[in-house]
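The values are calculated or read from the model by the stated rules, or taken from the named source; none is laboratory data. All of these numbers come straight from a predicted model, not from anything done at the bench. Ideal geometry is used to build each Cβ from the backbone, glycine not excepted, and the neighbour counts take in all protein chains shown. Accessible surface areas use protein heavy atoms only, side chains included; no ligands, DNA or RNA. Shrake-Rupley method; radii C 1.70, N 1.55, O 1.52, S 1.80 Å.
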Amino acid sequence: MRLGSFIRQCQAVTRYNLETIWERRAVSVVAIFGIAGVVGVMVAVLSMAAGFRAVVTGQARDDVAVVLRSGATGASDSILNHQDIQVLWEAPGVARGPDGPLVSPELFVIIDRKKIGAGTDANVPLRGVEAAGFALREQFEIVEGRNFEPGRNEVIVGDGAAGAFEGLQVGDRIDVGRASWEVVGRFTTGGGVAESEIWTDNRILQQMYQRGNSWNVALVRLRDAEAFEGFEAALTDDPRVSLGAQRQTTHMAAQSEPIEVFISVVGWIIVVMMSAGAVFAALNTMYAAVSSRSREIATLRALGFSRLPVVVSVMIESLVFGLIGAAAGGAASWFLFDGFRAATINWASFSQVAFAFQVTPELLVQGTTLALVIGAIGGFLPAVGAARRSVVGALREQ
Amino acid sequence: MSEADPAGTAAGNGAAAEAMVDVRGVSRTFHRGRTPVPVLRDLSLRMEKGEFLALMGPSGSGKSTLLNLIAGLDRPTGGEVIVGGSAIHRLSERKLAGWRARNVGFVFQFSNLLGALSAERNVAVPLLLTSFSARERRRRVDIALEIVGLSARGKHRPRELSGGEQQRVGIARALVNDPALLVCDEPTGDLDRTTSAEILDLLVALNRDHGKTILMVTHDPVAAERASRTLHLEDGRLAECGHDGTIEVPVHEPAGAAV
Ligand SMILES: Nc1ncnc2c1ncn2[C@@H]1O[C@H](COP(=O)(O)OP(=O)(O)O)[C@@H](O)[C@H]1O
Ligand SMILES: [Mg+2]
């Protein structure tokens, strides 16, 4: 068969199939719905993982080092003392601001707050910071009220935390044990996990929690990203201290990974199960489509059309169903979930992180790919069956 | 009389005009489960160019089976089928499909039109297998519709046409590639008397004025009467048949007027 003739045959049969889709819409809709469901769920779940990753790693920089006591896995099991901080001040590669080295020792405790809507308690990080902490976070901005004053029982609340928990509006009071803080401001940091936190003055927090002159973690701004290796080597080699440093990007990616993996694995399990259902729906639809046209296919074959264009046209039809399903499912999850806010992720090192689902173009491409795979599987057997059917046999049936 | 072979099938009979259809000692056996069902046995048939042959016989006698063998839709279990000089029983399935597209026009009992396409697009379907220009295709569709008297209804979909009109569109589709041979399997089986007569008039005209060789399977003696010759198939055998229904000794009829 010459290529030109083959292409004309494929075009003709495909065009005919597609022109009759509307007449077969009742059956076709089942397949399209199945595929749309799979794509919708897949995009939604993965947009959750993407949104989570974006918020956790979004503000991380590779010229910022996160310093913990060596061997610690996170801020909560790390203690830094005054000598540690002094060593950091003098370490090579550290950037300097107008007030000295950009080293921000920070205290990190967890308090309980009620989640808005759910009414259940959840962990919210309360972070003690000082001047260097603000200098280091260039995108820090007060969006309501004012910053806390050092030495007073005042806190400011991250935008994400304020939206996710009760009693964190400007003017509210937070009572924890004997201590009582006033919420004086709400801040943003251009995204990132910090917005899910409450911040207060380091000294006040040290007193309240009887931490003396100690901290949990230090953030260090380096002169540039390349300065990290020298900085880390100096810390490791210094006999006076026992500290470990990671780039902030590495640190945050490692923190985000378990959750991302968890969401993705659970999501994919659901998606795979739904895909099996969608494949059956597609198979069913395509078998029905093919059998309702067996006479027409046989007629075309009698007139001299070959088998392959029949296979190709049925496959194309099935793939078109896949595309329609992908468009419907992708659009649905875009409208329903893109920007959808969630703060329900509970993870030891993070407590609550407020984030928004992110339906990215890559996810839509992935969803479409999955839809096409389902369409191809659902179309293949019926297509081959249709092509193998005996022409004479099909014509004999009334 | 074991075979209808009036003109003889001797190979190398170069002097005689080449037959349109030359079926030699063909058998066709189907299988129902494991049981073989022999439908045709050692059957021979010769059709001259320009002939209009009616094939009659009881239901299930194998008329469609024989027609399908001659049209290259099916292949014999044994024997030879030579149509227009090609030994089509030797062709691969792929080649056979191409051969059908060029050499045979099919008219089915039910017009078997594609319901979503207009009459003219239905007629154009076989042209998709050719490399004619769009203009040439257009021209051929117009001619074919004109021959069947449906020039005015080209834009209509099958369901907007009467049964007789649908069958005419089917005939136009069979004509559009200008094949020498038309095979019609009960072309009037689904039509009333008057419409049948019109369709038969059309077939007669195609045979007489356009030189088409026609093989028509029919149940209807009135339809068979319009043909130039009638054969009767029963118990796997062919017999020449007079129009009064009496079976006769094979007679060689002259070829119909060509072109
Ligand atoms: N594809 C097939 N498979 C099995 N049996 C068949 C097939 N085609 C025809 N037959 C059998 O062959 C016999 C002749 O069929 P057919 O040629 O259609 O008869 P007619 O057209 O004379 O009514 C019937 O018994 C039919 O059941
Ligand atoms: Mg029949």
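Residue by residue through the range B:202-234, note down the ones that are surrounded by 22 or more Cβ atoms within 10 Å (Cβ to Cβ), within 16 Å of ligand 2 (Cβ to nearest atom) and part of a loop (DSSP other than H, G, I, E, B).
B:218
Only one of these is more than 22 Å from the chain's Cα centre (by Cα), assigned to a helix (DSSP H, G or I) and under 24 Å from residue A:359 (Cα atoms): A:33, A:6. Name it.
A:33
Specify which of the listed residues (A:83, A:11) is free of Cβ contacts under 8 Å to residues at least 24 places away in the same chain and either at positive phi or open to solvent by 10 Å² or more (accessible area, probe 1.4 Å) (or both).
That would be A:11, the only listed residue that is free of Cβ contacts under 8 Å to residues at least 24 places away in the same chain and either at positive phi or open to solvent by 10 Å² or more (accessible area, probe 1.4 Å) (or both).
What are the residues in the range B:15-32 that are open to solvent by less than 30 Å² (accessible area, probe 1.4 Å) and away from ligand 1 (no atom under 16 Å from the Cβ), if any?
If the condition is that a residue be open to solvent by less than 30 Å² (accessible area, probe 1.4 Å) and away from ligand 1 (no atom under 16 Å from the Cβ), then B:19, B:20, B:21, B:22, B:25 are the ones that fit.
May I ask you to say which residue of A:162, A:254, A:234 is open to solvent by less than 20 Å² (accessible area, probe 1.4 Å) and among the small types (Gly, Ala, Ser)?
On inspection, the qualifying residue turns out to be A:162.
How many residues are farther than 22 Å from residue B:179 by Cα, touching a helix residue (DSSP H, G or I) at 6+ places or on another chain (Cβ under 9 Å), more than 12 Å from ligand 1 (Cβ to nearest atom) and assigned to a loop (DSSP other than H, G, I, E, B) if we restrict to the range B:33-87?
Of the residues in that region, 1 qualify.
Just need a number here: residues in the range B:150-171 that are closer than 13 Å to residue B:191 by Cα and assigned to a helix (DSSP H, G or I).
6
How do the pairs read when you match residues in the range A:373-397 that are more than 11 Å from every other protein chain (Cβ to nearest Cβ) and more than 16 Å from residue A:300 (Cα to Cα) with residues anywhere that are away from ligand 2 (no atom under 16 Å from the Cβ) and aromatic (Phe, Trp, Tyr), using Cβ under 6 Å and keeping only pairs 6 or more apart or on different chains?
If the second residue must be away from ligand 2 (no atom under 16 Å from the Cβ) and aromatic (Phe, Trp, Tyr), the pairs left are A:375/A:321; A:382/A:287.
For the range A:239-251, enumerate the residues that are closer than 17 Å to residue A:72 by Cβ and either open to solvent by less than 50 Å² (accessible area, probe 1.4 Å) or not in a helix (DSSP H, G or I) (or both).
The initial filter retains those residues of the range A:239-251 that are closer than 17 Å to residue A:72 by Cβ, namely A:241-248, A:250-251.
A:241, A:242, A:243, A:244, A:245, A:246, A:247, A:248, A:251 - these are the residues of the range A:239-251 that are closer than 17 Å to residue A:72 by Cβ and either open to solvent by less than 50 Å² (accessible area, probe 1.4 Å) or not in a helix (DSSP H, G or I) (or both).
For residue A:221, state whether it is charged (D, E, K, R), part of a strand (DSSP E or B) and at pLDDT 90 or above.
Values: charged (D, E, K, R): yes; part of a strand (DSSP E or B): yes; at pLDDT 90 or above: yes.
The answer is yes for residue A:221.
Which is at pLDDT 85 or above, open to solvent by 20 Å² or more (accessible area, probe 1.4 Å) and not hydroxyl-bearing (Ser, Thr, Tyr), of A:96, A:2?
Going through A:96, A:2 in turn, the sole match is A:96.
So, residue B:172, is that one under 20 Å from residue B:67 (Cα atoms), out of contact with any Cys (no Cβ under 9 Å at 6 or more places or on another chain), without any contact (Cβ under 8 Å) to a residue 60 or more places away in the chain and of a type in the set (Gly, Ala, Ser) or not?
yes
Got a number for residues in the range B:98-148 being more than 7 Å from every other protein chain (Cβ to nearest Cβ), open to solvent by 30 Å² or more (accessible area, probe 1.4 Å), assigned to a loop (DSSP other than H, G, I, E, B) and without any contact (Cβ under 8 Å) to a residue 40 or more places away in the chain?
Total meeting the criteria: 2.
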